[in-house]
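Note sheet for the following structure.
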Amino acid sequence: LLSKSNQSVSPAWPVHQLDNGHWESLGLSLLELSSVVGRSRSVNGFNQKFDPVRVDVSTEASSLKCSLQGATRSPEFSQDGDFIIGGVFSIHYQHNTMIYNYTFKPEPPRCTGSLNVRSLRFSRAMVFAIEEINNSTELLPGIKLGYQIYDSCVSVPVAVHIAFQLTNRQDRVFYKGENCSQSGVVVAAVGDSASTPSISISSIVGSFNIPLVSYFATCACLSDKQKFPTFFRTIPSDHYQADALAKLVKHFGWAWIGVVHSDSDYGNNGMASFLEAALREGICVEYIESFFRTDPQSKIQRVADVIRSSTAVVVVAFTAIGEMKVLLEELAWDPPPPRQWIASEAWITDSNLMRFSFCVGAIGVAIQKSVIPGLRDFLLEAFNCSLTENKRACDGTADLKTLKSPYTETSQLRITNMVYKAVYAVAHAIQNAVCNKTNGLLRCDKHVRLEPKQVLKELKEVNFSKNGYHVSFDANGDPVAFYELINWQKSESGVIEMVTVGYYDASLPKGQEFRINRNVTWLDGGTQVPVSVCSESCPPGTRKVLQKGKPICCYDCIPCPEGEISNMTDSPDCFPCPREFWPNPKRDACFHKPVEFLSFDEVLSIILAVVSISGAFLAIITAIIFFHHRTTPIVRANNSELSFLLLFSLILCFLCSLTFIGAPSEWSCMLRHTAFGITFVLCISCVLGKTIVVLMAFKATLPGSNAMKWFGPPQQRMTVVALTFIQVLICIIWLVVSPPFPVKNLNTYKEKIILECALGSAVGFWAVLGYIGLLAVFCFVLAVLARKLPDNFNEAKMITFSMLIFCAVWITFIPAYVSSPGKFTVAVEIFAILASSFGLILCIFAPKCFIILFQPEKNTKKYLMNKS
């Protein structure tokens, strides 16, 4: 690398220790580098100087002097100026480990190992920004900013040494009146890239009120102003990144994930925030593995084996670039099954990691892509020559603009812009401290004694925009969080590229921060979102039951119990349907229970209705036959008036059964029970009258008896009316006090509603039945007494059989009525009515009709009077 005029480039590593691996990543070989190292030359108007590390010890003596107690650390890049800004970058990955035997004075730790050309670009971006500011007429006019840029190599010991160096001058011996404090010339510092070194640096320089503005340290712990009062950053805190990653995982339905993170402040604190956010989102973690890039290879291998053997398809990697590089190199020896990588912003935009093809489809949050005009040309000017493709010698025939290197890659500027913004934030703070605007003209005093605490104060108030990107800090020294969602997609040429597929904006209302606006490529280059769950989702109609001893995402799906449903996926509970509703067969929705009653369109109802109408028709035919043969002895002998009244009542009995069919209503409920009770009492009253007539008739044949005088036709009619009136009175009382009413029976069947008639007053119902039963028993007893009276046609025998059938039917009706469910209760009642009615008509009238129609010779007075 070559610096511009008046820039002293002092490598932190001895020149003789450089190897090809350091510079080939920049497109330079050791042979080419040797042509420009160790000598000064002028190229394109810039003085280039590469000197070995030198320590200039002042020999000036004074009675009042201050001496540095340790060795000075030379910056990688430096430039004098009116105000000096420090810079800390991790240009290398490692530092040399010294074993001290206490026989010589320890040297400061030095960086070694491979070169991080991306961080090198960051450091050069700081130089570019400062030179841009120095050439500006709008920002700090008349003032030249200087810089001292150090390499921390992501090492805490090195970072601590740099922090002390930033608080002191480069001179070994100096004096400052009677006070040696506040002797440093750095008014602010930009750095570091990692959180742990930034914590160390901020803890030290904060004691001297020197502000530290980081471009890449994201640990949420650095927002604590009690511990780090002078810390600022242009990159968002991991608090927002963790929330964004958790929402990303939740958005794609991944409930079962693995987690790896750096064993550092960045990884540990970031992962703690992520796990907290994941818990809120209901995400389960199968494993959590932490490691550091300097850990033994056995530990790195163990982490890789956990990833290979896990059941979680999704792996969230909250790691720094160094740790991710080590892990992917280990996985590359034996690539795991397809894994969906979820990346933190630390490594998702590192193009060096894209060489691992098994990571295609990785998705993560990244700092917003930006443009810095002129930066690429500035980076290319760092080289002193052009390279040929074959000889790789500096013959001036090749163009470095065709060089493909992470150092010159400026199409995906993200963290570089954070460096750029940090430098400008410090510059604006310095301007606010040393410049005043008079008569519309900005004037700056470069001779003012500028203290770091003044810059610190002004940094809290900076608020500006540069290249379209806003810069400001909240009370914690953090910017507004905005992330792009980056997806590693394979192009048509087979090269993995970074593609922006969405964003996360913490300034938007809750629930609207996260957006996906482009197709995402998943693991193995697929287009279908991978599935990563411990247990498959429970469909509606089931509920989750946690598996004992496992996370909440591991569960079994249990069908909802009878009468309950769940109408969403992964429902933790089932809930019962409302009282008049019942689940469908899948038990994922409630429907109205079907209403059941004995309707006219049912087969059973049709049969009963046909039988009922047939019975009524039979009674009418019998009445017609009796009316047509009303003058015959057999009709006249059996009290034709009561016979016709009985036939009429039987017609009503048959037809009243029809009132029990159909949907119950208020009127039908009252009608069916009262009509049944009254018509049957009328029927039994007629039968009872006929029985009494038989008894009285035979008793009247005895000498001196006038029984028929007291039970003639008027008395018979009065008896029937009186007995029926009692039933009418019972029914009236029943209807007035507590009449039957329609009701929805929800208890007999759980899955359906039975529409039926409630009795209202049970006493009224059983009083009606009891009265009918009382008359029937009384009639049966009288008929039994008259059954052996001498006559060729004794009607008492027929009445006995009819009453026997009647009583048997209604005795069996009672338990059948009580035990029959739903509409069958009504069917039993109709059957009892029809059975008893058919018993009466067949037993009493069928024999007579048979004689009338088929044995007319028996329908004579002589035959009837023939005594046995």
**Request:** Please indicate, with yes or no, whether at least one residue in the stretch 353-366 is farther than 15 Å from residue 489 by Cβ and in contact with a Lys or Arg (Cβ under 7 Å, 6 or more places away or on another chain).
**Result:** no
**Item:** Qualifying residue in the stretch 447-468 (condition: β-branched (Val, Ile, Thr) and more than 15 Å from residue 81 (Cβ to Cβ))
**Value:** yes
**Prompt:** In this structure, does residue 544 turn out to be without any contact (Cβ under 8 Å) to a residue 12 or more places away in the chain, among the charged types (D, E, K, R) and either part of a loop (DSSP other than H, G, I, E, B) or surrounded by 12 or more Cβ atoms within 10 Å (Cβ to Cβ) (or both)?
**Reply:** no
**Message:** Going by what's in this entry, would residue 527 be described as surrounded by fewer than 18 Cβ atoms within 10 Å (Cβ to Cβ), in contact with a strand residue (DSSP E or B) (Cβ under 9 Å, 6 or more places away or on another chain) and either within 30 Å of residue 556 (Cα to Cα) or modelled with pLDDT of 90 or more (or both)?
**Reply:** no
**Asked** Is there a residue being free of Cβ contacts under 8 Å to residues at least 24 places away in the same chain, of a type in the set (Asp, Glu) and either surrounded by fewer than 16 Cβ atoms within 10 Å (Cβ to Cβ) or assigned to a strand (DSSP E or B) (or both) anywhere in the stretch 503-519?
**Response** no
**Count - residues of the stretch 383-409 that are surrounded by fewer than 20 Cβ atoms within 10 Å (Cβ to Cβ) and at pLDDT 65 or above** = 3
**Prompt:** For the stretch 554-577, does any single residue satisfy the condition of being closer than 30 Å to residue 495 by Cα and either in contact (Cβ under 8 Å) with a residue 40 or more places away in the chain or in contact with a helix residue (DSSP H, G or I) (Cβ under 7 Å, 6 or more places away or on another chain) (or both)?
**Reply:** no
**Candidates 272, 304, 277, filtered to the one that is assigned to a helix (DSSP H, G or I), surrounded by fewer than 18 Cβ atoms within 10 Å (Cβ to Cβ) and hydrophobic (A, V, I, L, M, F, W, C)** = 272
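Yes/no matrix, rows are residues, columns are (1) among the aliphatic types (A, V, I, L, M); (2) outside the structural domain of residue 279 (by TED's automatic domain parsing); (3) closer than 30 Å to residue 250 by Cα; (4) loosely packed, with under 14 Cβ neighbours inside 10 Å:
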residue	(1), (2), (3), (4)
562	no, yes, no, yes
565	yes, yes, yes, no
568	yes, yes, yes, yes
584	no, yes, no, yes
587	no, yes, yes, no
598	yes, yes, no, no
617	no, yes, no, yes
622	no, yes, no, no
625	yes, yes, no, no
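For every residue, the table says whether it meets (1) surrounded by fewer than 21 Cβ atoms within 10 Å (Cβ to Cβ); (2) under 30 Å from residue 226 (Cβ atoms).
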{"position": "429", "(1), (2)": "no, yes"}
{"position": "447", "(1), (2)": "yes, no"}
{"position": "461", "(1), (2)": "yes, yes"}
{"position": "480", "(1), (2)": "yes, yes"}
**Request:** Please enumerate the residues belonging to the stretch 208-229 that are among the polar types (S, T, N, Q), under 22 Å from residue 168 (Cβ atoms) and surrounded by fewer than 24 Cβ atoms within 10 Å (Cβ to Cβ).
**Result:** 209
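The rows are residues; the columns are (1) under 46 Å from the mean Cα position of the chain (by Cα); (2) crowded, with 22+ Cβ neighbours inside 10 Å.
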{"position": "88", "(1), (2)": "yes, yes"}
{"position": "94", "(1), (2)": "yes, no"}
{"position": "99", "(1), (2)": "no, no"}
{"position": "120", "(1), (2)": "yes, yes"}
{"position": "128", "(1), (2)": "no, yes"}
{"position": "133", "(1), (2)": "no, yes"}
**Request:** Go through the stretch 280-301 residue by residue and tally those that are more than 17 Å from residue 322 (Cα to Cα) and assigned to a strand (DSSP E or B).
**Result:** 5
**Yes/no for residue 774 being touching a strand residue (DSSP E or B) at 6+ places or on another chain (Cβ under 8 Å), in the same structural domain as residue 680 (by TED's automatic domain parsing) and modelled with pLDDT of 85 or more** = no
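The values are calculated or read from the model by the stated rules, or taken from the named source; none is laboratory data. Only a predicted model underlies this, so the values are computations on that prediction, with no experimental measurement involved. FYI the Cβ positions are ideal-geometry reconstructions off the backbone, even for glycines, and counts take in every protein chain you see.
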